[in-house]
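Peer 1: Pasting in a structure now, in structure tokens, and then I'll have a few things to ask.
The values are calculated or read from the model by the stated rules, or taken from the named source; none is laboratory data. Keep in mind that what you see is a predicted model, and the values were worked out from it rather than measured. Every residue, glycine as well, gets a Cβ built from its backbone with ideal geometry; the counts of neighbours run over all protein chains shown. Side chains are part of the model used for accessible areas, which takes the heavy atoms of the whole protein and leaves out ligands, DNA and RNA. Shrake-Rupley method; radii C 1.70, N 1.55, O 1.52, S 1.80 Å.
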Amino acid sequence: MTVESTAARKPRRSAGTKSTAGKTTSARKTAGAEPELVQLLTPEGKRVKNAEFDKYVAGITPEELRGLYRDMVLTRRFDAEATALQRQGELGLWASLLGQEAAQIGSGRATREDDYVFPTYREHGVAWCRGVDPTNLLGMFRGVNNGGWDPNSNNFQLYTIVIGSQTLHATGYAMGVAKDGADSAVIAYFGDGASSQGDVAESFTFSAVYNAPVVFFCQNNQWAISEPTEKQTRVPLYQRAQGYGFPGVRVDGNDVLACLAVTKWALERARNGEGPTLVEAYTYRMGAHTTSDDPTRYRGDEERLAWEAKDPILRLRAHLEASNQADEGFFAELETESEALGRRVREAVRAMPDPDRFAIFENVYADGHALVDEERAQFAAYQASFADVEGA
């Protein structure tokens, strides 16, 4: 099965519809009705062959496999701690990646140090792969900074809250990379919901016309908040690439090996001057869209349980155990490391200093502005009024 033939295949018509609130009967969401996709590890952890993509993971060592497992476990532990911190009032909001670890770790580990990454606000696993300290991800959600890291230190842009806009930034950056004659590549992350944004469509157009070295990595987690994928598109998302003139491929987003291989292939195309690629990682958001969301209002337990059976971490663990590439000592040591990470994250968040209240007025204009100066003065007077009350 070639990528080109996959893109040309006619889409399957949805076999079900959404019934009452909180219960979904769509056949595509059951365990046995997945669309055809690139897969190297089955949900049971069995290694399967793929003529096109095996070569991209052919040399992977047991140590590297254990490293992928460690990445996913620690990323999930960090994510769970962040969710708990928000529930306890330490963060204003949190966007969980639960269930999407394989898509993020696999694609993140496929990048080179000189590649540039443009995330949304859920790419905690990719940030981990790029060497961003996980505690730095929490500053924005606590409201103490606007991001927390220098994008150029790790070639990892700040989180983007505006849905889909980072794909345009990535395309422009990739066009610049091509003009500079560099052989690095760019990867832009977005979700199935963002695929309906005009910014994404414009990115596809410009990247195709200018043959930009960019990989569009769509994590199709089945739900754009409460909107299922079938309300976003009549064809599988990866097939949209056809209309713009570049390849699209769908990969099992719960298979870390497949995500690693497909992303390596797409980045290699970009570096070789072959232009953009759309990768659709078919996965599932096991938790809420954010901590302000209640997924029980729009989807049922049956759907979630079916996807839990394809958990990306359990899948790789089953493979490691069956192939004797990891022992109980490894898993026990990792559990200890995981708990230590959770404690470190909690302590770091609680120790974060409050931001300078006047920092909001800095860097609004390069050369200053009279209106901003006036607003700063008004705010200073407002703050001083509290001191007057306390001193009275």
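Peer 1: Note down the accessible area of VAL162, probe 1.4 Å, to the nearest 10 Å².
Peer 2: Rounded to the nearest 10, the figure is 100 Å².
Peer 1: Using r as the Cβ-Cβ distance of ALA182 and ASP54, and R0 as 35 Å, what FRET efficiency do you calculate, to the nearest 0.05?
Peer 2: With R0 = 35 Å, the Cβ-Cβ based efficiency is 0.75.
Peer 1: Take the Cβ-Cβ distance between LEU93 and TYR382 as r, set R0 to 30 Å, and report the resulting FRET efficiency rounded to the nearest 0.05.
Peer 2: 0.70
Peer 1: Projecting each Cα onto the charge dipole of segment 276-389 (Lys/Arg +1, Asp/Glu -1 at the beta carbon, about the Cα centre), which of PRO276, LEU316, ALA377 comes out farthest on the positive side?
Peer 2: Checked the options; the winner is LEU316.
Peer 1: Which of the GluC sites (Glu not before Pro) across segment 62-134 are loop residues per DSSP, with 16 or fewer other Cβ within 10 Å?
Peer 2: Counting only loop positions with at most 16 other Cβ atoms within 10 Å, the GluC sites (Glu not before Pro) in segment 62-134 are GLU113.
Peer 1: Calculate what fraction, in whole %, of the accessible area of segment 239-281 sits on carbon and sulfur atoms when a 1.4 Å probe is rolled over the protein chains.
Peer 2: Roughly 37 percent of what the probe reaches on segment 239-281 is carbon or sulfur.
Peer 1: Under the 0.36 nm per residue contour assumption, what length would be gained going from the current alpha-carbon distance of GLU337 and GLU63 to full extension?
Peer 2: Numbers: separation 274, 0.36 × 274 = 98.64 nm, distance 1.68 nm.
97.0 nm is the gain from fully extending GLU337 to GLU63.
Peer 1: Just the Cα atoms of segment 91-151: what Rg and Dmax do they give in Å?
Peer 2: Cα radius of gyration and Dmax of segment 91-151 are 11.7, 33 Å respectively.
Peer 1: Suppose every Lys and Arg Cβ carries +1 and every Asp and Glu Cβ carries -1, with no other charges. What dipole size does the chain come out with about its Cα centre, to the nearest 20 debye?
Peer 2: Its charge dipole is roughly 1660 debye.
Peer 1: Now a separate question. Using DSSP loop states and a limit of at most 15 other Cβ atoms within 10 Å to flag chymotrypsin sites (Phe, Trp or Tyr not before Pro), what is the longest stretch of the chain containing no flagged site?
Peer 2: My reading of the result: 1-357 is the longest stretch.
Peer 1: Whole percent per 20 Å bin, from 0 to the bin with the longest distance: what is P(r) over all C-alpha pairs of the chain?
Peer 2: In whole percents, the pair-distance histogram is 26, 56, 16, 2.
Peer 1: So between ARG112 and ASP133, what do we pick up on full extension, going 0.36 nm a residue minus the alpha carbon distance?
Peer 2: Extra length available between ARG112 and ASP133 comes to 5.8 nm.
Peer 1: Here is a follow-up. What's the extension gain from MET286 to ASN272 if we count 0.36 nm per residue and subtract their Cα-Cα distance?
Peer 2: Values: separation 14, 0.36 × 14 = 5.04 nm, distance 3.65 nm.
Roughly 1.4 nm would be gained on extension.
Peer 1: Return the distance in nm (one decimal) between the two label points of a simple spin-label model at LYS231 and LEU314, each offset 7 Å from Cα along Cα→Cβ.
Peer 2: Those two pseudo-labels are separated by 2.9 nm.
Peer 1: On the full set of protein chains, 1.4 Å probe, figure out the accessible area of ASP183 and give it in Å² to the nearest 10.
Peer 2: Roughly 80 Å² of ASP183 is accessible to a 1.4 Å probe.
Peer 1: Now for a different question. Looking at segment 148-259, what % of the alpha carbon pairs are farther apart than 17 Å?
Peer 2: 58 percent
Peer 1: Do me a favour and compute the ellipsoid semi-axes for segment 103-192 from its Cα gyration tensor, root of five times each eigenvalue, largest one first, whole Å.
Peer 2: Working: eigenvalues 89, 40, 33 Å².
Each semi-axis is √(5λ); the values are 21, 14, 13 Å.
Peer 1: Given 10 Å bins starting at zero, what is the percent of C-alpha pairs of segment 294-369 in each, up to the one with the largest pair distance?
Peer 2: Taking all Cα pairs of segment 294-369, the binned fractions are 13, 19, 22, 22, 15, 8, 1 percent.
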